Amino acid sequence: MESPHLPAEIISYILSFLHVMDRKEASLVCKSWYDACLDHRFQKNVTFKFPVSTSSLDFIRALARHPRCGLVISHLDGSSLSRQVLLEVGLHLGPRLDSLALPGSSVTEASLLGLLPHLTGLRMLDLQGLDSLFMSGAFLSREEQRRQVQNALRNLEELDLSDLRYLSDLSFNRLTSCTPRLRSLSLAGCHIAFEFDPYRGCPVGFGSSALVSLRNLLSLLQKQASTLHSLDLSRTSITPESLRSIAQVPGLRLEDLSLRGCKELTDYSMEILCKQQNGLRTLDLRACTELTSRTVLAVATELKELRSLSLSQDWKITDKGLAELMTLPCLRSLDLSECLHVSGADLGKGLSSPQPRAQLETLSLRNCTYIRDTVMFSLTQLLGCNLRELDLTSCVCLTDLSVRAIATYLPALVVLRLGWCKEISDWGLLGMVEPTKDCEPRDKEEDKGPSFTRTFGNMGFFQPPSLPFQERPRLVTEEDLGAFKEHQEGASLLALRGLQELDLSACSKLTDTSITQVLRFPDLQHLSLSMLPEISDDSLVSVAYHCRSLTSLALSHCPQISDQGMARALPLLHRLQHLFLACCDAVTNETLSIISLHCDRLRTLDVSMCKDITVHQVDLLQSRLPFLEKVQCRFANGADFTMVL
């Protein structure tokens, strides 16, 4: 089928409206469509990911037609095939390669040093976890090698050296001397001696052959202070004194700093950092467990250009300082997940202030169990049309009132996570008020506490209070559904037209009634309905019919999902790449046969603890689906086949 009457520019314009996976399929129709799919507008920032294999050689040669691209090559080792793959990359891509990452590999020094001199246009190099390169300590030890690599990497901007166990001052200096224009450096998880060298038993000095030292790192920061703007020291043993030394390097103006998991940092060191590096735009302080609200106040006072802040798992942080934080006019992303003492009340106070305030696009309150409906009701009104991503996972006190507020005031949401919010029911998703419940949120629930009874079978005549999760909502009737269909959207989730990710895991009060009526999002890509015991094949088929863009679907622990539902749903989900069916007892080998026929793009499958699925059928499925990378079938058919796969 050819279309010579249409210019390539017109075909490219039409194809630009397609999803990238659909455009890939369209490129196989004919040569003119294939050429149109190679238009430069589709080739920007394209990265190809593949493992080492004999077929990858032809693939690399085919990539020579692309103007520029990036590569992620996994499972490289010292074999002749791995050496041939790297040789082909240098020969056919060379100067046109933008980025290179080698995850899960044990590449040899000779192989990499034979490739790097050809990559004269490289902008990003990821050597994360490649211990085989640095174990001997001889990497780039020859002057001639360094000169060739320096000539190739003179324009390198991003260097990732995370999780390198054997990185030392000597090898670090040799490599960074070849990259004089670094903008981003990652040393996350490296063994850095900040104050004491455990191998020598003395304070850290220059030129350590076993570790990277603070003095050596400071020397690099001083040399490249004018260009370096991003630094990642996550999961290192950095001390407060060391952080202050880094913050005070003359001329250093960091924009992005990650200190995730640095558990020794204190509020005072963070106050010094904020004063010295007040141009920070991204700050990651996840799992810095010694930090308190003093750090939040320092951030709010000094970092006026901050756009993204992560305080996840900083358990000592409270509401104090959050109101001031909301006055940062550039703040777009805030992560407070697992900050157990945060109730969110001060967020509302800060957002309602008359002075310039944050325009949040991403907000995570996961596991903030003090969040109540009253807080969400005010936050949704204040955040309005700017918010695109909201994570309320395990905010167990939220009810249908919060769902209606989200649907009413946050129309631009793209990601919504409500997993483990067990009080949410069909009424909330439908945007209707349960006749037995109030319409407005209450500030305080009356706690009547335990009561006494005359039941003589109970020692002490004590009757414990009923738990809220034990209360079962009144079921939605046909009459209620008729009223919903008359008003359709209202405050139901249908109002969130652009939703691309939705997590309703373990919202155990949900049934087919709301799932079939509300989950109708044409752009939805990720959906989790795991641990919903009341949903059946009707929900699955409805979701497949109305959400055909799904790439990931989780149905684990849904006992009513069966082969019949899968047979009706999977032919509609052509883009599906990840499917989770663990503990679905009604799913059998028949479902695997259906998957092999209709899910040729599948990459991940979980059928753990499905008692009627056999390992033989799993092996057969893997042989038929070329892209299937990961299969979980632990305890399938009553046995553990993990080692077999």
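The values are calculated or read from the model by the stated rules, or taken from the named source; none is laboratory data. Please read these numbers as outputs of a predicted model, since none were measured by experiment. Cβ placement follows ideal geometry from the backbone for every residue including glycine, while neighbour counts extend to all protein chains displayed. These area figures cover heavy atoms from the full protein model, side chains too; ligands, DNA and RNA do not enter into them. Shrake-Rupley method; radii C 1.70, N 1.55, O 1.52, S 1.80 Å.
Rounded to the nearest 5, what % of the DSSP beta bridges within the chain are antiparallel ones? Don't skip to the answer; put the middle values down first.
Details: 4 of 68 bridges.
The antiparallel proportion sits near 5 percent.
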Quick one: give the max-minus-min coordinate of the C-alpha atoms of segment 14-163 along each principal axis, largest first, in Å. 54, 30, 27
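Enter the per residue convex hull volume of segment 50-122, computed from alpha-carbon coordinates, in Å³ rounded to the nearest integer. Could the numbers behind the result be given before it?
Details: hull volume 5.1 nm³, N = 73.
Convex hull of Cα atoms, per residue: 70 Å³.
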Given only helices, namely DSSP H runs of n ≥ 4 each adding -39500 (n - 2.57), what is the per-residue ellipticity at 222 nm of the chain, to the nearest 500 deg cm²/dmol? -8500 deg cm²/dmol
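Which chymotrypsin sites (Phe, Trp or Tyr not before Pro) from segment 17-83 combine a DSSP loop assignment with at most 15 other Cβ atoms within 10 Å? Walk me through the numbers before you get to the answer.
Details: sites: Phe17, Trp33, Tyr34, Phe42, Phe48, Phe59; in loops: Phe17.
Those that pass, being in a loop and sparsely packed, are Phe17.
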Over all directions, average the projected area of the Cα convex hull of the chain and note it in nm². 36.5
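I'd like to check one number: the per residue accessible area of the chain, probe 1.4 Å, reported in Å² as a whole number. Each step should come with its number before you reach the end.
Numbers: 29600 Å² over 645 residues.
It amounts to 46 Å² per residue over the chain.
Can you tell me what percent of all Cα-Cα pairs in segment 146-253 are more than 25 Å apart?
Taking all Cα-Cα pairs of segment 146-253, the fraction more than 25 Å apart is 14 percent.
Exactly which trypsin sites (Lys or Arg not before Pro) in segment 1-74 are in a DSSP loop and have at most 15 other Cβ atoms within 10 Å? Mind showing how you got there, number by number?
On the way: sites: Arg23, Lys24, Lys31, Arg41, Lys44, Lys49, Arg61, Arg65, Arg68; in loops: Lys44, Arg68.
Hits after loop and neighbour filter: Lys44.
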If I take every Cα pair under 8 Å that is 6 or more residues apart in the chain, average their sequence separation and divide by the length, what percent do I get for the relative contact order? 5
Run the accessible area of the chain with a 1.4 Å probe and give the carbon-and-sulfur part as a rounded percent. 52
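Going through segment 255-320, which GluC sites (Glu not before Pro) have at most 15 other Cβ atoms within 10 Å and a DSSP loop state? Mind dumping the intermediate values first?
Values: sites: Glu255, Glu264, Glu271, Glu290, Glu302, Glu305; in loops: Glu255, Glu264, Glu290, Glu305.
Answer in residue order: Glu305.
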Could you give each residue of segment 79-85 its phi-based ³J(HN,Hα) in whole Hz, using Karplus coefficients 6.51, -1.76, 1.60 with θ = phi - 60°, and x for Gly or Pro? 6, 5, 5, 4, 5, 5, 4
Which of the listed residues, Leu167, Pro354, Ser293, is farthest toward the dipole's positive end in the chain, when Lys, Arg count +1 and Asp, Glu count -1 at the beta-carbon? Leu167
Expressed as a fraction of 2.2 N^0.38 Å, the rule-of-thumb size for a compact globular protein of N residues, what is the C-alpha radius of gyration of segment 1-42? 1.00
Length-normalised contact order of segment 146-253 in % [C-alpha pairs under 8 Å, at least 6 apart]: 28
